[in-house]
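What follows is a single structure, written as structure tokens, with notes after it.
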Amino acid sequence: MTSSNQTEDPQALADQRLEATLAKTGARDPRAVCRERLRELKSVDAAAFERAVGHYRDRLIPSVAAGEEPLTAWVEYSRTIAGLTCPGRTVAIDRTGLAREYATPADPEALVLHLPRGGRGRALLVAQPRDPSPAQQATRDLLVDGRSTMREG
């Protein structure tokens, strides 16, 4: 027997769980960062893009639908995409600007960056807080966007 209840669809259930977590925590939706990174990956490495899509379909959605904490799962997926883009390490920048090695669970107040190994290229955005502190924004401006001047106001 078929039910019209959307929650039986793993994709719909995973989306509902993420939306509920976002509403509860006020965290920034991590999907936009992933979509942007996937577009970039698709243009430079089709095989890596296909691995990222497979990870989404075969691991991320089923795990969130099965009850894994959605924000942490999405940040891990974003880290996976960044790692497929280039080798490196992940750091979390707290509101004071202090960087630490990234550790799970994901902190919705941290700016999470993937730093390419050997300083090759700019840092990749993995996750960002809804309202970055001035220190986090300056870090993103410099390391991700390559901006070397302070923002006005």
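The values are calculated or read from the model by the stated rules, or taken from the named source; none is laboratory data. Nothing here was measured: the structure is a model prediction, and the numbers come from that model. Methodologically, a virtual Cβ is constructed for each residue, glycine included, from the backbone with ideal geometry; neighbour enumeration extends over all protein chains shown. To get the accessible areas, we keep the full protein, side chains included, count just its heavy atoms, and leave off ligands, DNA and RNA. Shrake-Rupley method; radii C 1.70, N 1.55, O 1.52, S 1.80 Å.
Rounded to the nearest 20 debye, the dipole magnitude of region 24-98 is 140 debye, with +1 charges on Lys and Arg beta carbons, -1 on Asp and Glu beta carbons, and the Cα centre as origin.
With charges set only on the Cβ (+1 for Lys and Arg, -1 for Asp and Glu), what does the dipole of region 1-151 come to about its Cα centre, in debye to the nearest 20?
Numbers: 22 positive and 20 negative charges, 127 e Å.
Value, rounded to 20: 600 debye.
Computed from the alpha carbon atoms alone, the convex hull of region 1-85 holds 99 Å³ per residue. Taking the C-alpha atoms only, the angle from helix 134-143 to the longest principal axis of the chain is near 80 degrees.
Rounded to the nearest 10 degrees, the angle from helix 70-85 to the longest Cα principal axis of the chain is 60 degrees. Shape of region 14-153 from its Cα gyration tensor (a ≥ b ≥ c, root eigenvalues): rounded if a/c is under 1.5, otherwise prolate when a/b > b/c, or oblate? Taking the square roots of the gyration eigenvalues as a ≥ b ≥ c, region 14-153 is oblate.
Roughly how many percent of the accessible protein surface of region 1-96 is carbon and sulfur, given a 1.4 Å probe and a whole-percent answer? Walk me through the numbers on the way to the answer.
Numbers: 2830 of 5430 Å².
Exposed carbon and sulfur together represent 52 percent of the surface.
Taking label points 7 Å from Cα along the Cα-to-Cβ direction, residue 133 and residue 43 give a separation of 3.4 nm.
Rounded if a/c is under 1.5, else prolate if a/b beats b/c, else oblate: with a ≥ b ≥ c from the C-alpha gyration tensor eigenvalues square-rooted, which is region 11-50? Display every interim value, and only then the final one.
Details: a/c = 5.47, a/b = 2.24, b/c = 2.44.
Here region 11-50 falls in the oblate category.
Give the residue list of trypsin sites (Lys or Arg not before Pro) in region 55-124 that are DSSP loop and have at most 10 other beta-carbon atoms within 10 angstrom. Intermediate values should be presented prior to the final figure.
Working: sites: 57, 59, 79, 89, 95, 100, 117, 120, 122; in loops: 95, 120, 122.
Filter output for region 55-124: 120.
Once C-alpha pairs closer than 8 Å and six or more residues apart are averaged by separation and normalised to the residue number of the chain, the relative contact order reads 20 percent. Rolling a 1.4 angstrom probe over the protein heavy atoms with all chains in place gives region 5-89 an accessible area of 54 Å² per residue. To the nearest ten degrees, helix 10-25 and the longest principal axis of the Cα atoms of the chain are 50 degrees apart. For the chain, the 222 nm mean residue ellipticity estimated from helices alone, with every DSSP H stretch of n ≥ 4 adding -39500 (n - 2.57) and the total spread over all residues, rounds to -14500 deg cm²/dmol. Highest GNM mean-square fluctuation among 133, 63, 43, for the chain modelled with Cα contacts below 10 Å: 43.
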